[in-house]
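Okay, so here's the structure we're looking at.
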Amino acid sequence: MFRLQSSKVLAVDMTGDAVKAKNGSMVAYDGEMAFKKLSGGGEGIRGMVTRRLTGEQMTLMEVKGRGTCWFADRASEINLVGIQGDKLYVESSNLLATDGGLRTGTEFTGLRGASQGNGLFTTTVEGHGQAAIMSDGPAVVLRVSAQYPLTVDPGAYVAHQGNLRQSFQSGVTFRTLLGEGGGEAFQMRFEGDGLVYVQPSERNTIAGDV
């Protein structure tokens with residue numbers, strides 16, 4: 001279903017099936033398509049409660065029909081990710097589209113700093129199919145193994161999948177070393193076996209706190 005028309009445009013060929021995509025990301029289509037607005041954060045009552053608790057504002061649309069639909073968002077680079085029964089964790093702002101049969105949700109991933117006690121939440125995608133994630137610049141896919149854990153600046157983090165344990169460690173971030181920002185900073189640490197997607201251009205975070 002999913003193919004890259006270019007590094008910044010996703011083409012989805014449909015034969016009566018459906019795809020979920022970021023609201024407003026459709027740039028063109030041919031054939032017969034029907035569009036329906038969905039909400040992010042998960043399906044059903046649990047998803048509604050999760051969105052209220054986490055402030056998750058991701059909005060999706062469902063596209064169903066026969067033909068080809070093209071998606072893009074702010075000229076971001078697009079990366080295709082295969083999901084084979086595992087779970088993809090991705091920043092909601094970096095999720096462009098998923099197969100209609102994949103389940104989306106929101107999951108608690110840790111604390112944002114011991115002194116603040118604020119929780120961090122991320123969007124999850126699970127099942128069997130494909131997802132398209134976006135990055136500011138070409139994404140780099142980094143392998144994590146038992147021998148080689150990985151530490152990532154939160155501003156560069158996009159997504160991860162596999163059998164990984166994610167934790168947060170307070171301390172000096174890479175940008176703090178350059179004299180940027182202030183406050184309690186943290187880094188993201190991954191251990192286990194899996195893949196982490198990072199972007200070469202950091203999103204605007206508050207000294208690694210957000």
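The values are calculated or read from the model by the stated rules, or taken from the named source; none is laboratory data. If you're wondering where the values come from, they're calculated on a predicted model, not measured in any experiment. Because the Cβ atoms are built from the backbone with ideal geometry, glycine has one as well, and the counts that use them run over all protein chains shown. Just so you know, the surface numbers come from the protein's heavy atoms only, side chains and all, with ligands and any DNA or RNA stripped out. Shrake-Rupley method; radii C 1.70, N 1.55, O 1.52, S 1.80 Å.
Quickly run through the stretch 57-100 and pick out the residues that are farther than 11 Å from Ala159 by Cβ, hydroxyl-bearing (Ser, Thr, Tyr), part of a strand (DSSP E or B) and open to solvent by 10 Å² or more (accessible area, probe 1.4 Å).
The answer is Thr59, Thr68.
Scan the stretch 39-80 residue by residue and report those that are in contact with a Gly (Cβ under 6 Å, 6 or more places away or on another chain), modelled with pLDDT of 90 or more and among the basic types (Lys, Arg).
Listed by number, the list holds a single entry, Arg66.
Give the residue, chosen from Val27, Val12, that is of a type outside the set (Phe, Trp, Tyr) and crowded, with 16+ Cβ neighbours inside 10 Å.
Exactly one residue qualifies, and that residue is Val12.
Do any residues in the stretch 143-157 that are in contact (Cβ under 8 Å) with a residue 60 or more places away in the chain have Cβ atoms under 6 Å from those of residues that are open to solvent by 50 Å² or more (accessible area, probe 1.4 Å), where the two are at least six apart or on different chains, and which pairs are they?
Between residues of the stretch 143-157 that are in contact (Cβ under 8 Å) with a residue 60 or more places away in the chain and residues that are open to solvent by 50 Å² or more (accessible area, probe 1.4 Å), there is no close pair.
What number of residues in the stretch 6-15 are more than 11 Å from Thr68 (Cα to Cα) and part of a strand (DSSP E or B)?
The total comes to 2.
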